[in-house]
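Student: Starting off with a structure, shown below.
The values are calculated or read from the model by the stated rules, or taken from the named source; none is laboratory data. Small disclaimer: the values here were computed from a predicted structure and weren't measured. Because the Cβ atoms are built from the backbone with ideal geometry, glycine has one as well, and the counts that use them run over all protein chains shown. These area figures cover heavy atoms from the full protein model, side chains too; ligands, DNA and RNA do not enter into them. Shrake-Rupley method; radii C 1.70, N 1.55, O 1.52, S 1.80 Å.
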Amino acid sequence: MSVSMHSSGVAWRCLFCRSLPTRPRHPTRLFTISAQTRADEGEGSSNPLIEQYQKDNVGKTAQTPALPRPGDLAASSIFEDDRRAQAMASRARAIEQGEEEEDEGRQRRDPRSTLRVLDPDPNSRERWERKKVIQMVRKGGRLSKAQFIKRTEREHLVKSHNMKTSVKKLGMLARQIAGKNVDDAILQMRFSKKKAATEIRKQLETARDEAVVTRGMGLGKVNGTEDASSSDGATAAEGKKADEELHIRLKSGKRHVVSDRSSIYIDQAWVGRGPYGRLPDYRAKGRLFIMRTPFTSLSLLLKEEATRIREYEEREEKRTRRRLDKVWTALRDRPISTQRQWYSW
């Protein structure tokens with residue numbers, strides 16, 4: 001049986017033999033609207049809010065905040081006052097010479113923004129100031145012992161981050177460095193075989209640097225050397241007296257030699273339990289347990305040797321007072337009265 005040419009052509013061009021139609025891709029430039037196209041569209045497509053904003057902010061450009069310069073001093077540094085004094089002196093010198101101030105790369109602080117942080121509740125601050133003034137008037141300006149110590153002696157408290165160790169392991173290292181000079185404690189941790197000793201050494205170095213910069217601790221030796229090198233004889237004698245070694249006895253009974261009253265030592269060192277972590281513990285027969293990994297923090301209280309000297313003098317004074325109170329003294333001579341041959345009861 002013969003098939004016509006027309007029917008054979010239809011069978012050859014069947015639905016499954018033809019390729020599927022493809023959708024033409026439009027270039028990206030067709031979806032972008034240029035500024036000229038916006039201008040050609042007329043005023044009907046303009047945004048009145050944007051136009052009003054542009055009219056109100058003519059000539060004003062968004063200024064990006066200046067980033068802090070690397071190596072700049074913090075506001076809590078003891079050298080910040082010196083830097084401000086130098087900046088004010090240089091600014092006054094520039095004004096006298098008629099030169100313009102160059103504030104490029106620096107951003108002036110907004111006093112209103114600073115006041116929100118420093119003084120969030122003015123009424124509470126005023127009540128607190130009024131209360132302190134009343135206390136000062138009642139006491140006649142006299143300071144308590146705790147207030148006098150706070151004003152005359154320096155100390156610095158620092159807390160470390162949570163270390164991946166237990167309280168028992170970190171407590172042994174804390175007891176090892178407590179009572180030692182900060183440099184001696186760093187040396188102990190440097191040669192310690194404990195795993196947490198490296199973290200403690202870094203924490204001690206950071207605490208020492210913070211105490212020197214923020215509290216001004218450990219600078220007495222430098223000041224004493226400068227005074228001794230001066231031409232004033234009295235000042236040199238005072239510096240020489242300060243450099244003399246002082247032998248004291250600690251509260252534990254150990255003897256201690258103080259060569260610098262401003263030397264930093266670790267008065268207290270304690271540990272604090274932190275949060276627990278979770279780690280898988282794969283066991284036999286496809287079982288899975290969860291381990292609780294402990295985290296512990298270390299807190300340090302740094303003081304100067306002047307505090308040790310004061311505590312030693314107070315203990316010696318108390319010991320001397322107790323010893324003198326127990327001394328036996330004979331009664332004075334006086335006539336005997338009310339003596340009888342019989343009892344009076």
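Student: For the stretch 170-225, which trypsin sites (Lys or Arg not before Pro) pass both filters: DSSP loop (anything but H, G, I, E, B) and at most 12 other C-beta atoms within 10 Å?
Tutor: Lys193, Lys195
Student: Evaluate the Kirkwood expression for the hydrodynamic radius of the stretch 124-224, namely the inverse of the mean inverse distance over all pairs of different C-alpha atoms, and round to one decimal in Å.
Tutor: Radius from the Kirkwood sum: 17.0 Å.
Student: For Leu143 paired with Val213, estimate the spin-label separation in nm (one decimal), with each label point 7 Å from Cα along the Cα-to-Cβ line.
Tutor: About 2.7 nm separates the two model spin labels.
Student: Using the Karplus curve 6.51 cos²θ - 1.76 cosθ + 1.60 with θ = phi - 60°, work out ³J(HN,Hα) for each residue of the stretch 182-188 in order, rounded to whole Hz, and write x for Gly and Pro.
Tutor: Working through the residues one at a time gives 5, 5, 5, 5, 5, 5, 4 Hz.
Student: Can you work out the FRET efficiency for the pair Gln339 and Thr206, with r the C-beta to C-beta distance and R0 = 51 Å, to the nearest 0.05?
Tutor: Efficiency, rounded to the nearest 0.05: 0.05.
Student: In terms of solvent-accessible area of protein heavy atoms at a 1.4 angstrom probe, what is the ranking of His256, His161, highest value first?
Tutor: His161, His256
Student: For the stretch 302-345, go through all pairs of different Cα atoms, get the mean of 1/r, take its inverse, and jot down that Kirkwood value in Å.
Tutor: Across the stretch 302-345, the inverse of the average 1/r is 15.4 Å.
Student: When only the heavy atoms of the protein chains count and the probe is 1.4 Å, how do Asp184, Asp260 rank by accessible area, highest first?
Tutor: Final ranking, largest accessible area leading: Asp184, Asp260.
Student: Under the Karplus relation 6.51 cos²θ - 1.76 cosθ + 1.60, θ = phi - 60°, what is the ordered set of whole-Hz ³J(HN,Hα) values for the stretch 266-275, x standing for Gly and Pro?
Tutor: Ordered by residue, 3J(HN,Hα) equals 8, 6, 9, 9, 9, 10, x, 6, x, x Hz.
Student: Taking the stretch 241-345, which trypsin sites (Lys or Arg not before Pro) meet the DSSP loop condition and have no more than 11 other C-beta atoms within 10 Å?
Tutor: Loop-located and lightly packed - Lys251, Lys254, Arg283, Arg287, Lys326, Arg332, Arg340.
Student: Another question about this same structure. Quick one: which of Lys168/Lys194; Lys180/Lys318; Lys194/Lys251; Lys139/Lys303; Lys202/Lys251; Lys193/Lys254 span more than 21 angstrom between C-alpha atoms?
Tutor: Over 21 Å apart, Cα to Cα: Lys180/Lys318; Lys194/Lys251; Lys139/Lys303; Lys202/Lys251; Lys193/Lys254.
Student: Here's something else I'd like to know. What number, in percent, do you get for the relative contact order of the stretch 257-321 if the mean sequence gap of Cα pairs under 8 Å and at least 6 apart is divided by its residue count?
Tutor: With pairs under 8 Å counted, the relative contact order is 39 percent.
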